[in-house]
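Peer 1: What follows is a single structure, and I will ask about it in a moment.
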Amino acid sequence: MRNVLEEKLVRFEELEKQMLDPAVQANSQLMAAVAREHGSLAKLATKYRRFKDLNVQVREAMEMVEGADHELRELAESELPELKADREVLWNELLDLTIGGEDANRSRCILEIRAGTGGDEAALFARDLYEMYKRYAEDNRWKVEVLNANPTELGGFKEIVLGLEGEGVFRHLQYESGGHRVQRVPETETKGRIHTSAATVALMPEPEDIEIELSPEDYREDKFHASGPGGQHVNKTESAIRLTHLETGIAVSIQDEKSQHKNRAKALRVLKSRLYERKQAEERQKRDDDRKSKIGSGDRSQRIRTYNFPENRITDHRINLTLYKLDYILQGNLQPVIEGLMEYERQEQRAAFGTIE
């Protein structure tokens, strides 16, 4: 963790210099991106800088305690407990801020929800998840933007992609990636049998433009007619956009807007996020220092949670957390689940990086 904190502080100080660079100041788009990244790192970097200062003060005081000068020894002995207490508080705050790894302090992310096995019932469950996350985001005063939606005739979603922005958004939602399973009696079920269906959720940090360079030569763009609800205008014009990254084959289709220009801009945001996610995964694998936490993998194939309607139960399988308040949580009150996950990793962090020397 100390290496991560050092890297973040170095990056923060680099961004401070960039913000004073006339060339950066002259480029409004670059300046905005630098300022956003600087702001996202400010809390962590300033705390770590203060922590390093306190560490120096603690070491100096301990040296004075062991020294020969009586007056300096008494002064150091009186100051040392308070310095250590302040350092302990800062260390715990830094542990909390680093939960989630390198992207913990991102204020923008992309949330993708896709219906899995279960047909129409899976699509309806995807809608339930969308509404749950939307309410949770609104309660936290995060900005929510629908980047793409593929609705079904019954009101569900085959897929819905959201852009989320706000303080703490990635840290709070980072554990949502994976398979979500629902057990309930569908409205169309006449015999009262419980059906099981599923949806997958993927949360990806949204990188700044300066982190992922993407030029038109790097991808192929295809235009096509939008399908599904949206009126005659949407379906008769080639407003939908598909971008395919040539090197990786990653493809993004967006058809939510009537404007081709707006769909292209949204598709670029999602494509950059997927490329960034891929890049981060490759770097973690090369360094072989990926978090060992069983709740932090973000593997979409992993079944992470079950929503059982007959029992009003929600179970997170990664930490064996079961709550009998499913109706409450689906209304957007996700905090009990998220707090349970964060506390689990908090304890893992303390066990792995307990020393503060």
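Peer 1: For segment 298-310, state whether one or more residues are over 21 Å from L111 (Cβ atoms), in a loop (DSSP other than H, G, I, E, B), at pLDDT 90 or above and out of contact with any Asp or Glu (no Cβ under 7 Å at 6 or more places or on another chain).
Peer 2: The answer is yes, given that some residue of segment 298-310 is over 21 Å from L111 (Cβ atoms), in a loop (DSSP other than H, G, I, E, B), at pLDDT 90 or above and out of contact with any Asp or Glu (no Cβ under 7 Å at 6 or more places or on another chain).
Peer 1: Which one of these is buried (at least 20 other Cβ atoms within 10 Å of the Cβ), more than 24 Å from Q255 (Cβ to Cβ) and modelled with pLDDT of 95 or more: Y136, Y175, Y130?
Peer 2: None of the others qualify; the one that does is Y136.
Peer 1: Among the residues of segment 181-216, count how many are of a type in the set (D, E) and touching a residue at least 60 places away in the same chain (Cβ under 8 Å).
Peer 2: The total comes to 4.
Peer 1: Mind listing just one residue for me: the one in segment 139-172 that is among the hydrophobic types (A, V, I, L, M, F, W, C) and in a helix (DSSP H, G or I) and, of those, surrounded by the fewest Cβ atoms within 10 Å (Cβ to Cβ)?
Peer 2: Out of the qualifying residues, it is F170.
Peer 1: Please return the ranges of helices (runs of 4 or more DSSP H) entirely within segment 1-87 where 3 or more residues are closer than 30 Å to E345 by Cα and either touching a residue at least 24 places away in the same chain (Cβ under 8 Å) or open to solvent by less than 80 Å² (accessible area, probe 1.4 Å) (or both).
Peer 2: In segment 1-87, the matching helices (runs of 4 or more DSSP H) lie at 2-19, 28-65.
Peer 1: If you take the residues of segment 147-185 that are of a type in the set (S, T, N, Q) and closer than 25 Å to S259 by Cβ, which of them is farthest from the chain's Cα centre (by Cα)?
Peer 2: Among residues in segment 147-185 that are of a type in the set (S, T, N, Q) and closer than 25 Å to S259 by Cβ, the one farthest from the chain's Cα centre (by Cα) is T152.
Peer 1: Determine if segment 233-246 includes at least one residue that is under 28 Å from the mean Cα position of the chain (by Cα), assigned to a loop (DSSP other than H, G, I, E, B) and either modelled with pLDDT of 90 or more or under 25 Å from F170 (Cβ atoms) (or both).
Peer 2: Yes, segment 233-246 contains at least one residue that is under 28 Å from the mean Cα position of the chain (by Cα), assigned to a loop (DSSP other than H, G, I, E, B) and either modelled with pLDDT of 90 or more or under 25 Å from F170 (Cβ atoms) (or both).
Peer 1: Got a sec? Which of I295, I314 is buried (at least 20 other Cβ atoms within 10 Å of the Cβ), among the β-branched types (V, I, T), at pLDDT below 90 and in contact with a Leu (Cβ under 6 Å, 6 or more places away or on another chain)?
Peer 2: Going through I295, I314 in turn, just one is buried (at least 20 other Cβ atoms within 10 Å of the Cβ), among the β-branched types (V, I, T), at pLDDT below 90 and in contact with a Leu (Cβ under 6 Å, 6 or more places away or on another chain): I295.
Peer 1: Is it fair to say N105 is open to solvent by 20 Å² or more (accessible area, probe 1.4 Å) and in a loop (DSSP other than H, G, I, E, B)?
Peer 2: When the stated conditions are applied, N105 passes them.
The values are calculated or read from the model by the stated rules, or taken from the named source; none is laboratory data. What you see is a predicted model; the values in this text were computed from it and never measured. Glycine gets a Cβ as well: all are built from the backbone with ideal geometry, and neighbour counts include every protein chain shown. The accessibility values were calculated without ligands, DNA or RNA, using every heavy atom of the protein model including side chains. Shrake-Rupley method; radii C 1.70, N 1.55, O 1.52, S 1.80 Å.
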